[in-house]
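Structure first, commentary second.
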Amino acid sequence: MENVKVAYAMAHFQELLARVARGERILISRDKTPVAQLVPPIVTEAPKRKFGTLKGKAKILDPHCFDPMTDEEVDAWIEGRNESARVAGH
């Protein structure tokens, strides 16, 4: 790890960033005292999703929840006066 002074880091910041992007680590010091460290970011990949993970774990409580809505239900929904009459248990 290279050690540079604050003044050098300020004057050559773009160069130091390019080096860090290539994987280097750079210590920045003031009067021989470390004050900061430039390091590459920790890059982690999101875990891959597995198809079918919830198979058998989800239940549709209302067998009619996917039925088409009537014109009256659509109008009520658009106007914000929809009632939870089609929700299971209500």
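Bear in mind these aren't lab numbers, they're just calculated from the coordinates by the rules spelled out. Quick caveat: nothing in here was measured; it's all calculated off a predicted structure. Glycine gets a Cβ as well: all are built from the backbone with ideal geometry, and neighbour counts include every protein chain shown.
Does any residue in the range 1-28 that is at negative phi and free of Cβ contacts under 8 Å to residues at least 40 places away in the same chain come within less than 9 Å, Cβ to Cβ, of a residue that is in a helix (DSSP H, G or I) and hydroxyl-bearing (Ser, Thr, Tyr) six or more places away or on a different chain, and which pairs are these?
Taking only residues 6 or more apart or on different chains, the pairs are LEU16/TYR8; ILE28/TYR8.
For VAL4, indicate whether it is surrounded by 10 or more Cβ atoms within 10 Å (Cβ to Cβ) and in contact with a Ser or Thr (Cβ under 9 Å, 6 or more places away or on another chain).
Criteria met by VAL4.
Condition first: farther than 16 Å from MET10 by Cβ and charged (D, E, K, R). Now tell me which residues in the range 21-57 satisfy that.
ARG22, GLU24, ARG25, LYS32, GLU45, LYS48, ARG49, LYS50, LYS55, LYS57, listed by residue number.
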